[in-house]
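Visitor: Structure in structure tokens, see below.
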Amino acid sequence: MDILDFLVHGFAVALQPEHLLLALIGCTVGTLVGALPGLGPVNGVALMIPLAFNFGLAPTAALILLVSVYYGCMYGGRISSIVLNIPGDEPAMMTTLDGYPMARAGRGGEALGLSAVASFAGATIATIGLTLFAPLLVKVAIRFGPAEYFALFMLAFATIGGVTSGSFTKSFIAACLGLLLGTVGIDPVSSVARYTFGWYELYDGIDYLVALIGLFAISECLLFLERDQRQDAAPVRLGSAAPGMRRSLDCASSIGRGSLIGFIAGVLPGAGASLGSFLSYSLEKRRWGAEGDFGRGDPRGVAAPEAGNNAAAGGALIPMLSLGIPGSGTTAILLALLLSMNITPGPLLFEQQPDMVWGLVAALFIGNVMLLVLNIPLVGLFAKVLQAPSWFLMPMVVLVAFVGIYSLNNSPFDLYMMLAFGVLGYVLRKLEIPTVPVVLGLLLGGQMEFNLRRALSITGGDWSILWSSGISIGIYAFAATLLCAGLIYALLVKRRLG
């Protein structure tokens with residue numbers, strides 16, 4: 001009953017005209033960004049953060065805007081997958097297997113309509129799960145001390161390979177680089193400047209937002225300058241989306257299974273939407289076997305992964321809000337937003353910021369309806385955006401990045417740092433080293449160090465405090481299980497490809 005009361009209060013917050021407008025803007029922008037190949041939710045949310053600060057949005061309003069962009073990107077990623085056979089982001093990759101063959105057969109509208117309904121169902125189920133399970137997780141997390149929080153950070157880094165599609169070794173290298181960058185600034189205990197090289201601008205550490213925009217947006221533009229101009233793909237006849245909406249009733253069981261799998265994958269730190277999409281598709285293919293037409297235009301091959309990746313997006317918000325541990329690359333950026341506003345996600349967030357948390361949950365329900373309404377009648381318009389030349393889109397990205405970052409502190413030094421991180425991101429991506437673990441290391445490194453030193457100070461340097469409680473041991477065991485499972489899965493995939 002308490003949860004219901006909080007949710008009613010959340011709808012009162014979310015239904016304010018300003019928040020409704022921001023949710024609509026976020027859903028629209030997110031769908032457009034998600035439809036553009038290569039950008040995805042990480043870049044979409046990262047680009048909107050400077051604008052949120054520039055317009056002086058309150059924390060609740062900013063979070064509603066960015067999470068709406070997040071959900072919109074998850075919806076929009078399917079458009080280029082179906083129309084162009086180019087995934088808008090990694091989770092949308094599985095949608096290409098059956099979505100594009102449907103489009104080539106003149107059933108593109110049906111595939112888009114079906115994927116919109118599946119995305120709506122998956123996101124709604126995940127939001128219901130967020131409403132029910134996040135408060136329960138908070139009741140457990142309220143018992144955490146510094147040793148238990150350090151174990152949680154170890155869990156996040158132990159499973160960091162699952163956040164990206166790269167190898168575990170490269171993800172580990174990237175995470176270590178992020179941890180090193182997180183030590184820049186004044187030492188929180190001794191007040192000694194570390195790795196500042198005499199630059200007073202670094203005494204407060206590296207700004208999360210500057211690093212994010214550089215690593216993702218600027219590096220993407222540098223990669224574009226290196227590539228040849230993208231050739232426009234031959235247009236595909238879409239047709240009506242109405243048959244897809246009717247077909248969603250036939251695929252209800254596939255949507256349900258995909259939503260459940262995706263939600264669980266989203267809640268697990270480091271798993272994310274890519275794993276949810278892959279598992280959902282694989283289960284359906286195994287479930288129907290020879291009876292299906294997977295890989296040649298089976299509607300269930302569109303419904304299951306779309307439900308899975310959108311459910312994972314909602315599930316990833318649970319550990320971010322309840323524990324302060326991002327479950328995906330995009331939630332790591334949302335974590336950076338909250339930290340920049342001096343809001344620390346964790347067990348006390350639900351108690352200290354109930355308007356923000358429950359307003360966000362209610363806004364997710366509203367945003368899902370907005371996305372469904374937008375994506376059915378306007379899907380043809382969104383698809384035409386894909387025809388816009390990249391030479392026009394990329395300069396707009398750079399313009400937004402420079403204006404947004406400069407507006408944060410009116411500091412030219414921030415622009416230089418953004419460019420430096422852009423070059424770093426370019427080099428890392430050329431070496432096929434993922435950039436998301438760098439962000440996680442930068443975000444979590446300071447708190448991880450603080451909790452470690454706080455735990456050791458309590459016992460006078462006795463390291464046994466780190467594994468003295470049952471909660472810590474359970475977290476370490478869970479981290480080891482996920483780590484071993486990831487390594488076994490990687491070996492199986494390597495053997496199958498070999």
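The values are calculated or read from the model by the stated rules, or taken from the named source; none is laboratory data. Everything numeric here is computed off the predicted structure, so don't read it as measured data. Methodologically, a virtual Cβ is constructed for each residue, glycine included, from the backbone with ideal geometry; neighbour enumeration extends over all protein chains shown. What goes into the accessible areas is simple: the full protein's heavy atoms, side chains included, and nothing from ligands, DNA or RNA. Shrake-Rupley method; radii C 1.70, N 1.55, O 1.52, S 1.80 Å.
Visitor: Send over a whole-number figure in Å² for the accessible area per residue of the range 413-498, probe 1.4 Å.
Guide: That works out to 58 Å² for each residue.
Visitor: I would also like to ask the following. Accessible surface of PHE120 in the full protein assembly, 1.4 angstrom probe, to the nearest 10 Å²?
Guide: 60
Visitor: To the nearest 0.05, what FRET efficiency results for ILE471 and THR169 with a Förster distance of 22 Å applied to their C-beta separation?
Guide: 0.15
Visitor: What is the distance in Å between the Cα centroid of the range 409-458 and that of the range 1-15?
Guide: 36
Visitor: So for each of 312-322, 425-435, 470-480 I average, over its residues, the number of other beta carbons within 10 Å; can you give me the resulting order with the highest mean first?
Guide: 312-322, 425-435, 470-480
Visitor: If packing is taken as the average count of other Cβ atoms within 10 Å, what order do 188-198, 62-72, 98-108 fall into, highest mean first?
Guide: 62-72, 98-108, 188-198
Visitor: Leaving ligands, DNA and RNA out of it, rank CYS73, CYS176 by accessible area with a 1.4 Å probe, largest first.
Guide: Sorted descending by solvent-accessible area, the residues read CYS176, CYS73.
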